[in-house]
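Student: A single structure is presented below for examination.
The values are calculated or read from the model by the stated rules, or taken from the named source; none is laboratory data. Only a predicted model underlies this, so the values are computations on that prediction, with no experimental measurement involved. Using ideal geometry, Cβ is built from the backbone for each residue, glycine included, and neighbour counts are taken over all protein chains shown.
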Amino acid sequence: MSFSKFLSDVLKKSEVEQTDSRLSTLTDPLASLLFGAQPTYSNISVTPKTAMQVPAVASAVTLISDAVGTLPVKLYVRNGKGKEADTAHPAFTLAHDEATDWTSAAELRTQLTRDALLHDNGGFALAVRGGSGNVVELHRLDPATVELKTDETTREPFYLVREGRKNVRHEYWDILHVRHDDGAPINLARNAIALAIDLERHAAKLFSNGARPSGILSTDAKTPAGLKNIAEMWNATFGDPSNTGKPAILPEGTNYQQTGLSSVDAQFEQMRRFQTEEIARTFRVPPTMLFDLTRGTWSNTEEMGHQFLTYTLRPWLKAWEWAYARVLLTPEERRTRFFEFITDDLLTVSFAQRAASYGQYRSMGVLTANEVRAGLNLPPLLGGDELQNPYTTTSASPAQASNDNPTKTEKDAA
């Protein structure tokens, strides 16, 4: 469908239906799609801005984007011994240290992951290349200015980036692109988010002054003037908060009945908690990590932390590793080099478990003493690069106790 045809459908109804020829308004579903807001069952517009006003959404987006941003990522090269960090390659600095002189690599990952969680087309960064052809900087792009296209001849993807009044074409190897396969989670869960917004609005009205009367005055007065006088007297006496708790003296023939919350209102808190769980399902985040501790215990909270890495973060980390490789490495370099996130810190919950893990690795001959000290941010020690088990091997014969008798003396004594 061309844009002119789409705009025509937005501004007017089809003339095929003769029974209703009214013009469309800005509340029409087609108009909502034109301005980037999709309709919901509750008729509440869900956009990145309104979605982030829901605490559960803001917590999930911040949790995922910050985790992806703060995890270190390194460029490795395969060799005969396995792999080793390729710190000399220019791409190592862009992924591990800084994307530009004013933006760290961690900050760029956080921004682009946040864009991918809130925008259907994902998060984008432009690769700026130097004279040698290597990427020297990565600049974040506004998702609203980028459009993904497919070349009809080669079937290769390319990007149109709006710069002022013109669109500039960039090839797929010049745009760092990270996105969710099914689009932004806020669009997948827009009805659940809209219901959460509606519940929050209802809560604000419920506890505001005009949402529900605190009580009902019933009187035998029949004239409007009499009813007005009783209402003015009540407000003058109990409208001041300082008069709260004082006894009510009512005119003859007047009764006061206090109103309370209905059974539906009493379950209102459960409804709001359920919406938090719904949003957690959409983002694939454990509810305890959104601070819903209703069913949280020490044991299952620890296990949910591992699930967060396996089922929530790992797809995003893999998407980032490929995005880095596609832009920062040539096809020939990708045969021997690859990017990988270091997730050890997420797997370690307590210092005691970390110490036990290091002890097992030392006894197995997997880590040296200096490698363990490096993991603890401690300086290396002389002779700490040997892969020996400190629990079973020694460098010298055991010292003889001072009260031990020589073998010959023991035989003579016998």
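Student: Restricting attention to the stretch 310-341, and to residues there that are β-branched (Val, Ile, Thr) and either in a helix (DSSP H, G or I) or not assigned by TED's automatic domain parsing to the domain that holds HIS96 (or both), which single residue is nearest to GLU137 (Cα to Cα)?
Tutor: In this case the residue turns out to be VAL327.
Student: Same structure again: Restricted to the stretch 129-180, and to residues that are in contact (Cβ under 8 Å) with a residue 24 or more places away in the chain and outside any strand (DSSP E or B), which residue is farthest from ASP97 (Cα to Cα)?
Tutor: The selected residue is ALA144.
Student: Among the numbered criteria (1) charged (D, E, K, R); (2) loosely packed, with under 13 Cβ neighbours inside 10 Å; (3) at pLDDT 75 or above, which single criterion is violated by ARG354?
Tutor: (2)
Student: Condition first: more than 19 Å from TRP320 (Cα to Cα) and hydroxyl-bearing (Ser, Thr, Tyr). Now tell me which residues in the stretch 41-86 satisfy that.
Tutor: Selection gives TYR41, SER42, SER45, THR47, THR50, SER59.
Student: Follow-up question, since we're still on this one. Out of curiosity, is GLY226 among the small types (Gly, Ala, Ser), surrounded by 12 or more Cβ atoms within 10 Å (Cβ to Cβ), at negative phi and modelled with pLDDT of 70 or more?
Tutor: yes
Student: Oh, and also: Name every residue in the stretch 166-194 that is in contact with a strand residue (DSSP E or B) (Cβ under 6 Å, 6 or more places away or on another chain) and over 19 Å from LEU148 (Cβ atoms), in order of residue number.
Tutor: Those that are in contact with a strand residue (DSSP E or B) (Cβ under 6 Å, 6 or more places away or on another chain) and over 19 Å from LEU148 (Cβ atoms): ARG190, ILE193, ALA194.
Student: Within the group ARG190, ARG155, ARG165, ARG169, which residue is surrounded by 15 or more Cβ atoms within 10 Å (Cβ to Cβ) and either under 22 Å from GLY123 (Cα atoms) or modelled with pLDDT of 90 or more (or both)?
Tutor: ARG190
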